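The values are calculated or read from the model by the stated rules, or taken from the named source; none is laboratory data. Remember, it's a predicted structure, so these values are computed and weren't measured experimentally. Backbone-built Cβ (ideal geometry, glycine too); neighbour counts: all protein chains shown.
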Amino acid sequence: MSEKNSVRPDALSDRHADKRLDILRRIAAAGSISAAARGAGVSYKAAWQALETLTNLAGTPLLEKVVGGAGGGGARLTQAGIDLLQAADRLQSARSALSRELDGSERAPLTLGLRTSMRNQLRCTVTAVGKGKGLQQVTLALPDGTPLQARLSRESVELLALRPGLPVLALCKAAAVVVAPQTAMREGLNLLSGTVSRCSNSTREASLLLNCGQQLVGYFAQGAGLHVGRMASASLEASAVVVALPD
């Protein structure tokens, strides 16, 4: 790979970028973004979103337009795009080799999650995915069955290939979580119950040990009356929940 068009490793940092890489492979084969979208089972808009994300992560153009021809033109991969797919193949081979090496081990599989500024990363399972052209409601379940709602674009649902039974991570900023002794339920709001495990009156930050055994960090209003060891609730807008696939 030339230094000018070299691909940053960020584009390969997550094996669940496979849907995006699949679209790139299909463009290489068909020379058409629309054909690649149809083959991958996503909308044209979702295909473009995937390409834009990959390009941003790679730090260099992955496609170039092809003018003319019987179909009126199309798209083909740049050398950087070809290099990216080749690197993805090598990475997958290495992952497969490591998986075979660890297969049968008595150690539990390790998942360290994502490197992100969002401190809240909750293990969930998808239980339902809404339909529609706009924002779609995705229902998740915490390990104890507690529901957690997220609102995602159709393109995000397609690219993540969300479906019932899929293990995911629900991410949110601590600033998006409001901890209080009691909170009234309303539409679009998630309510999670637990025990206060840490409480700082100076920063008004609190950690809640949820009933499912996972920790959730949020903030509380002055004079909220929170106390370590007592029950409290955490409220979180469905629109503030980010869904990610664990590595």
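Among the residues of region 166-196, those identified as more than 21 Å from the chain's Cα centre (by Cα) and either among the basic types (Lys, Arg) or surrounded by fewer than 16 Cβ atoms within 10 Å (Cβ to Cβ) (or both) are 181, 182, 184, 185, 186, 187, 193, 195. Restricting 21, 63, 57, 51 to residues that are hydrophobic (A, V, I, L, M, F, W, C) and either exposed (fewer than 15 other Cβ atoms within 10 Å of the Cβ) or more than 18 Å from the chain's Cα centre (by Cα) (or both) narrows the list to 63. Applying the set (1) in a loop (DSSP other than H, G, I, E, B); (2) over 24 Å from residue 135 (Cβ atoms) to residue 42 leaves exactly one unmet item: (2). Looking at (1) modelled with pLDDT of 90 or more; (2) over 21 Å from residue 169 (Cα atoms), which is the one condition that is false for residue 187? The single condition residue 187 does not satisfy is (1). In this structure, is residue 159 more than 24 Å from residue 18 (Cα to Cα), crowded, with 19+ Cβ neighbours inside 10 Å and not small (Gly, Ala, Ser)? Answer is no for this residue. Of all residues in region 198-212, those being among the polar types (S, T, N, Q) and outside any loop (DSSP other than H, G, I, E, B) number 2. Could you please find all residues in region 201-233 being loosely packed, with under 13 Cβ neighbours inside 10 Å and under 22 Å from residue 148 (Cβ atoms)? Within region 201-233, 213 is the sole residue that qualifies. Taking every residue in region 70-81 that is surrounded by 14 or more Cβ atoms within 10 Å (Cβ to Cβ) and pairing it with any residue that is at pLDDT below 85 and not in a strand (DSSP E or B), at least 6 positions away or on another chain, the pairs with Cβ-Cβ distances below 7 Å are 78/5; 79/5; 80/5; 80/7; 80/58. Strands (runs of 3 or more DSSP E) fully within region 53-155 that include at least 2 residues being of a type in the set (S, T, N, Q) and either closer than 26 Å to residue 216 by Cα or at pLDDT below 85 (or both): 120-129, 135-141, 147-153. For the subset of region 172-207 comprising residues that are β-branched (Val, Ile, Thr) and without any contact (Cβ under 8 Å) to a residue 40 or more places away in the chain, which member is nearest to residue 140 (Cα to Cα)? Step by step, filter region 172-207, then rank; the result is 195. Scanning region 179-202 for residues that are farther than 13 Å from residue 221 by Cβ and among the hydroxyl-bearing types (Ser, Thr, Tyr) yields 193, 195, 197, 200, 202.
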